[in-house]
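Engineer: Handing you a structure now.
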């Protein structure tokens, strides 16, 4: 089977090429412009394909004939399927660009396919946008021109390009209408901020600033025709190869059945981010049907309307065209798609099944909003920084920030795959990072890791001991778990000390160095249930205080950060923390950045410092308060030996206490 694909370097196109190449004996021709030759090499590498199976066709849909005469002659009668995906998708595009690529490009491609001859079939990728932004009611995939208005350049040209296929194609054709295409449901992979992703930054900010128990008000909005890219491509692959001609001349919506409303969608993503819930959605039926047009008309009545429009869009973090679609009143019926996929294993998963995967991919790979103070650059540029526990949480965010500041970041953690992923993320914004897999519970492994780092970089300027393990169990729940104390001390204390001792000689020789230990607010507050964890962190704290006087003459600084509770994977199993205030990993990383810049002896929150002073002056009063807190916050089900029991929530008094005293590990 031989295929020709336009738009093969685009998001959907790359996934489609991968599917087609999995077919036995398939040869895929991909239309590309000469200026994009480097993208062909990237496709070969990504797909692991040979040049004999993935063949470039040099051309451009915006020019007559698409490609040169010799190539057209060579392909005539040879191609079985042509997939037309090439189009401009930009909600801020102008009419001229939209017409040139989406309309004239489709017309040229249709003429090209008509000349191919043989048994070729054309597969055109359209969009739900053909229904316009203000259609009200059910729109089936049998419907096309229903008198709907399509004012926006994208909506208009998708409608017109589908019309061109319907009216000008002289070969069998099938049209596919994806909805809002999301990332891969298995991996989360996505290539740009689009559709619901525009709201992710706002969701993240709400998540980071509000406890999970705070109820939120949202909006109801219209139905959101969502679909992950893997379903879109699987469905196209399946439908395109149905032999019966009855499937020709039809359109196929590629969407989730029973699509969520905008409010339900946002709440699903908020839950995926582990943020508070939208407990009630305000109805939007009374809002103008075309919200985008209404906003623009309102803006048009005031001076400097275009400037105000841009500022409003920037403040919201969402293009007005996207904001307008939130109130969409069309409900899409994919009856043709359901019939064509009947009996197959291809199904569109529901958003809640893969929303967390999408969120995790966005937060790791697409959230490039890495902010660092100007003072960081002269402090860390070209400095060698070692960060343990660098593949997630505080370590991951610290690595991003220091790499953004120009440091050469040595990433240390146990899992090579996660380290490599972190390195690739840092490389995307031009940062320098190097991976050093190491089990920090193993002293010999630590020695070998430090030797490799020194061999590669010759010295270390800054060491951030961030890797750690926490256990939340009362002493009476730990009487038969002495190993908890041993393994916590092994990682949090002995592992950190071993790494310090391995790097100290080179720091002393160069007479410069900075060691930053991520400790815990628990060392200052002495909260119950954390005797194993706090003891290990306190041991490292005492070690650092003792050697500070010894290394000061060698110009080596030590900083201890008494970190408050941070929402990281380490605390995720303790569901009670969904109801108490926490720092975000970014806020925690900012504390590390401050330590790098200022080189203070210690960094502690006001509450931590107050608790330390209070315990020194009135220890019994503190014991009384902590005993009350011990009973306000229940143990986890796992600590009680009941792994399958639902986690208990704190009482109202507990929630109030946590809100008044934010930061401790309760």
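The values are calculated or read from the model by the stated rules, or taken from the named source; none is laboratory data. What you see is a predicted model; the values in this text were computed from it and never measured. Neighbour counts run over all protein chains shown; Cβ positions are idealised from the backbone, glycine included.
Engineer: Looking at the structure I just gave you, is residue 25 more than 26 Å from the chain's Cα centre (by Cα), surrounded by fewer than 16 Cβ atoms within 10 Å (Cβ to Cβ), assigned to a loop (DSSP other than H, G, I, E, B) and in contact (Cβ under 8 Å) with a residue 40 or more places away in the chain?
Structural biologist: No, not satisfied.
Engineer: Next up: So, of the residues in segment 375-401 that are closer than 23 Å to residue 208 by Cβ and in a loop (DSSP other than H, G, I, E, B), which turns out to be farthest from the chain's Cα centre (by Cα)?
Structural biologist: Once the filter is applied, the top-ranked residue is 389.
Engineer: Residues to consider are 94, 68, 145, 80; find the one that is within 30 Å of the chain's Cα centre (by Cα) and surrounded by fewer than 23 Cβ atoms within 10 Å (Cβ to Cβ). Quick ask: steps written out before the conclusion?
Structural biologist: Working: 68 fails: within 30 Å of the chain's Cα centre (by Cα); 145 fails: within 30 Å of the chain's Cα centre (by Cα); 80 fails: within 30 Å of the chain's Cα centre (by Cα).
None of the others qualify; the one that does is 94.
Engineer: Out of 207, 223, 257, 238, which single residue is closer than 15 Å to residue 341 by Cα, surrounded by 16 or more Cβ atoms within 10 Å (Cβ to Cβ) and touching a residue at least 12 places away in the same chain (Cβ under 8 Å)?
Structural biologist: On the way: 207 fails: closer than 15 Å to residue 341 by Cα; 223 fails: closer than 15 Å to residue 341 by Cα; 257 fails: surrounded by 16 or more Cβ atoms within 10 Å (Cβ to Cβ).
Of 207, 223, 257, 238, the one residue that is closer than 15 Å to residue 341 by Cα, surrounded by 16 or more Cβ atoms within 10 Å (Cβ to Cβ) and touching a residue at least 12 places away in the same chain (Cβ under 8 Å) is 238.
Engineer: Another question, then. State yes or no: is residue 588 crowded, with 19+ Cβ neighbours inside 10 Å and either assigned by TED's automatic domain parsing to the domain that holds residue 492 or modelled with pLDDT of 95 or more (or both)? Steps first, please.
Structural biologist: Working: crowded, with 19+ Cβ neighbours inside 10 Å: yes; either assigned by TED's automatic domain parsing to the domain that holds residue 492 or modelled with pLDDT of 95 or more (or both): yes.
Answer is yes for this residue.
Engineer: In addition: If you go through segment 72-117 one residue at a time, how many are assigned to a helix (DSSP H, G or I) and either more than 29 Å from residue 243 (Cα to Cα) or out of contact with any strand residue (DSSP E or B) (no Cβ under 6 Å at 6 or more places or on another chain) (or both)? Before the answer, list the steps.
Structural biologist: To start, the set of residues in segment 72-117 that are assigned to a helix (DSSP H, G or I) comprises 72-75, 95-116.
If we keep only those that are either more than 29 Å from residue 243 (Cα to Cα) or out of contact with any strand residue (DSSP E or B) (no Cβ under 6 Å at 6 or more places or on another chain) (or both) too, we end up with 72-75, 95-108, 110-112, 114-116.
Residues that pass the stated criteria total 24.
Engineer: Further question on the same structure: Given the options 644, 631, name the one that is at pLDDT below 85 and assigned to a loop (DSSP other than H, G, I, E, B). Break it down into steps so the answer makes sense when it comes.
Structural biologist: Numbers: 631 fails: assigned to a loop (DSSP other than H, G, I, E, B).
Exactly one residue qualifies, and that residue is 644.
Engineer: Only residues that are more than 21 Å from residue 446 (Cβ to Cβ), part of a helix (DSSP H, G or I) and touching a residue at least 60 places away in the same chain (Cβ under 8 Å): list them for segment 494-531, please.
Structural biologist: Matches in segment 494-531: 522, 524, 525.
Engineer: Could I ask something else about it? Within segment 307-326, identify whether any single residue is in a helix (DSSP H, G or I) and at pLDDT 95 or above, and answer yes or no.
Structural biologist: So in segment 307-326, the residues in a helix (DSSP H, G or I) come out as 307-316, 320-325.
Add one more test, that the residue is at pLDDT 95 or above, and what stays is none.
The answer is no; no qualifying residue exists.
Engineer: When residue 131 is evaluated against the numbered criteria (1) buried (at least 22 other Cβ atoms within 10 Å of the Cβ); (2) in contact with a strand residue (DSSP E or B) (Cβ under 7 Å, 6 or more places away or on another chain); (3) within 21 Å of residue 247 (Cβ to Cβ), which criterion, by number, is the only one it fails?
Structural biologist: For residue 131, the exception is condition (3).
Engineer: Scanning for something surrounded by fewer than 15 Cβ atoms within 10 Å (Cβ to Cβ) and touching a residue at least 60 places away in the same chain (Cβ under 8 Å), does segment 1-22 turn up at least one residue? So that I can check it myself, show each step before the final result.
Structural biologist: Pass one, segment 1-22, residues surrounded by fewer than 15 Cβ atoms within 10 Å (Cβ to Cβ): 1, 22.
With the extra rule that they be touching a residue at least 60 places away in the same chain (Cβ under 8 Å), the set shrinks to 1.
Yes, segment 1-22 has at least one match.
Engineer: Something else now. Of 468, 430, which residue is within 28 Å of the chain's Cα centre (by Cα) and either assigned to a helix (DSSP H, G or I) or surrounded by fewer than 18 Cβ atoms within 10 Å (Cβ to Cβ) (or both)?
Structural biologist: Of 468, 430, the one residue that is within 28 Å of the chain's Cα centre (by Cα) and either assigned to a helix (DSSP H, G or I) or surrounded by fewer than 18 Cβ atoms within 10 Å (Cβ to Cβ) (or both) is 430.
Engineer: Next question. Could you say whether any residue in segment 148-157 is farther than 18 Å from residue 224 by Cβ and surrounded by fewer than 17 Cβ atoms within 10 Å (Cβ to Cβ)? Before you say what the answer is, go through the steps one by one.
Structural biologist: From segment 148-157, those farther than 18 Å from residue 224 by Cβ are 148-151, 153, 156-157; that's our starting set.
Applying the additional criterion that residues be surrounded by fewer than 17 Cβ atoms within 10 Å (Cβ to Cβ) yields 149, 151.
Yes, that holds for at least one residue.
Engineer: If you check 31, 54, 20, 44, which single one turns out to be touching a strand residue (DSSP E or B) at 6+ places or on another chain (Cβ under 8 Å) and farther than 20 Å from residue 189 by Cβ?
Structural biologist: Details: 54 fails: farther than 20 Å from residue 189 by Cβ; 20 fails: farther than 20 Å from residue 189 by Cβ; 44 fails: farther than 20 Å from residue 189 by Cβ.
Every option except 31 fails the conditions.
Engineer: Give me a count of the residues in segment 499-508 that are under 18 Å from residue 439 (Cβ atoms) and surrounded by fewer than 18 Cβ atoms within 10 Å (Cβ to Cβ).
Structural biologist: The qualifying residues number 1.
Engineer: Among what's in segment 42-54 and is within 18 Å of residue 12 (Cα to Cα) and modelled with pLDDT under 95, pick the residue that is nearest to the chain's Cα centre (by Cα). First the steps, then the outcome.
Structural biologist: So in segment 42-54, the residues within 18 Å of residue 12 (Cα to Cα) come out as 42-49, 54.
The next check asks that each one be modelled with pLDDT under 95; those that pass are 42-49.
On the way: 42: 22, 43: 23, 44: 25, 45: 23, 46: 20, 47: 22, 48: 25, 49: 28 Å.
The extreme case among them is 46.
Engineer: Let me ask something additional. Just give me the residues in segment 28-58 being outside any strand (DSSP E or B) and more than 29 Å from residue 193 (Cα to Cα), in sequence order. Break it down stepwise before answering.
Structural biologist: Step one: filter segment 28-58 for residues outside any strand (DSSP E or B), giving 33-53.
Correct list: 50, 51, 52, 53.
Engineer: Show me the strands (runs of 3 or more DSSP E) entirely contained within segment 202-276 in which 2 or more residues are farther than 30 Å from residue 80 by Cα. Full working, then the answer.
Structural biologist: Details: elements: 216-219, 226-228, 250-254.
By residue number, 216-219.
Engineer: Could you please find all residues in segment 342-363 being buried (at least 16 other Cβ atoms within 10 Å of the Cβ), assigned to a helix (DSSP H, G or I) and in contact with a helix residue (DSSP H, G or I) (Cβ under 6 Å, 6 or more places away or on another chain)?
Structural biologist: Result: 351, 355, 356, 359, 362.
Engineer: Now, a different point. Consider residue 178 carefully, then state whether it is surrounded by fewer than 19 Cβ atoms within 10 Å (Cβ to Cβ) and either modelled with pLDDT of 90 or more or over 30 Å from residue 61 (Cβ atoms) (or both). Lay out the reasoning, then the answer.
Structural biologist: Numbers: surrounded by fewer than 19 Cβ atoms within 10 Å (Cβ to Cβ): no; either modelled with pLDDT of 90 or more or over 30 Å from residue 61 (Cβ atoms) (or both): yes.
Spelling it out, it is not the case that residue 178 is surrounded by fewer than 19 Cβ atoms within 10 Å (Cβ to Cβ) and either modelled with pLDDT of 90 or more or over 30 Å from residue 61 (Cβ atoms) (or both).
Engineer: Test residue 487 against the stated conditions and say whether it is out of contact with any helix residue (DSSP H, G or I) (no Cβ under 7 Å at 6 or more places or on another chain), in contact (Cβ under 8 Å) with a residue 24 or more places away in the chain and not in a helix (DSSP H, G or I). Talk me through it step by step, then tell me what you get.
Structural biologist: Values: out of contact with any helix residue (DSSP H, G or I) (no Cβ under 7 Å at 6 or more places or on another chain): yes; in contact (Cβ under 8 Å) with a residue 24 or more places away in the chain: yes; not in a helix (DSSP H, G or I): no.
It is false that residue 487 is out of contact with any helix residue (DSSP H, G or I) (no Cβ under 7 Å at 6 or more places or on another chain), in contact (Cβ under 8 Å) with a residue 24 or more places away in the chain and not in a helix (DSSP H, G or I).
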